Amino acid sequence: MIDLHSHILPGVDDGASDLNVALDMARLFQEQGVTTVACTPHILPGVYHNTGPDIRAAVAQFQREVDAAGLQLNLISGADNHVVPDFVGGLRRGHLLSLGDTRYVLVEPPHHVVPPRLTDLFFEILVAGYVPILTHPERLSWIKDHYHLMVDLAERGVLMQITSGALLGRFGRQPKYWGERMLDEGRVHILASDAHGTERRYPDLAEGAEAAAQWVGQQEVHNLVVVRPQGIVRNIAPADLPPIAAGEHRGAREGGEHGRDVRRPRKAPTSKAARSGTRRGVFSRLRHLFAG
């Protein structure tokens, strides 16, 4: 699997606090079958003063630490680029970063306020030759009243990345519902962990993939965590990425919030030993899921 959204770089934002935590995260990624991780710290003026050159240098240094620890994990550079004025100019100058210097770029809108001219911003990014990936739309507090905007952006060529933990109920009922709905309607291109540490927001892509399979089936899950991310890393054209398969949810669609079944969120493991056991079991099931 390939994880295109993580905050694994040590000491640069609200992700891994130090090298030891970052290496523990790397071990967890490797344990669940992730081979490539995009290091995508926040770039947010006034809060996280990261720049493209700084992130590239930090990725190179952390890759040396990962190799020295004997871990088989490939790191690529990137950023969780917050919406800012002159976004395209920032990309061209190298201040903002695309994923692995490809045409694909993570774009994070504000969580609680719809930014003005958001559609225009994404259009400008597309016209400039980049492919924007809107990060975790299911977790934006304003999605409930502006879901039509997500639909419109996806139809215009913006890729959608939802968070594995949202499908597991780790961000609450609303993000879980919107993540499941977007899967069910065939509006999700990528599943990523957005991991920040080894506790509550630990690397959980394998568990999220298992949850997504209940909605879209094994082939589409393979596309979400392997085929499309691999195509993005290789910088292939968006038209050559596999088309999205709509949901195959086998559960009841009657009742519950918003007119469908809302299942109880799975309880996150409370200890490292418990989490390790859970992840090993999930990885084993995923190997069977992807077999053939």
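Bear in mind that the values in this text are calculations on the coordinates, not laboratory data. In this text, all values refer to a predicted model and were calculated from it rather than measured experimentally. Here the Cβ is made from the backbone with ideal geometry for all residues, glycine too, and neighbour counts use every protein chain on show.
Roughly what % antiparallel, to the nearest 5, for the DSSP beta bridges in region 2-290?
Bridges in region 2-290 that DSSP calls antiparallel: roughly 5 percent.
Write out the trypsin sites (Lys or Arg not before Pro) in region 47-148 meeting two conditions: DSSP loop, and at most 11 other Cβ atoms within 10 Å of their Cβ.
Hits after loop and neighbour filter: 117.
Quick one: 198, 51, fewest Cβ neighbours within 10 Å first, how do they rank?
Result, fewest neighbours first: 51, 198.
What dipole magnitude, in Debye to the nearest 20, does region 2-290 give about its Cα centre under +1 on Lys/Arg Cβ and -1 on Asp/Glu Cβ?
That gives region 2-290 a dipole magnitude of about 720 debye.
Once a ≥ b ≥ c are taken as the square roots of the eigenvalues of the Cα gyration tensor of region 43-194, is the result rounded (a/c under 1.5), prolate (a/b larger than b/c) or oblate (a/b not larger than b/c)?
oblate
For region 15-37 and region 186-232, what is the separation of their Cα centres, given in Å?
Result: 16 Å between the Cα centres.
Please get the size of the charge dipole for region 152-246, origin at its Cα centre, with Cβ charges of +1 on Lys and Arg and -1 on Asp and Glu, quoted in debye to the nearest 20.
Magnitude of the dipole: close to 200 debye.
Where does each of 233, 227 land when they are ranked from fewest to most other beta-carbon atoms within 10 angstrom?
227, 233
First select every other residue whose beta carbon is under 12 angstrom from the beta carbon of residue 236; then total the charges, Lys and Arg +1, Asp and Glu -1.
Around residue 236, the surrounding residues sum to +2.
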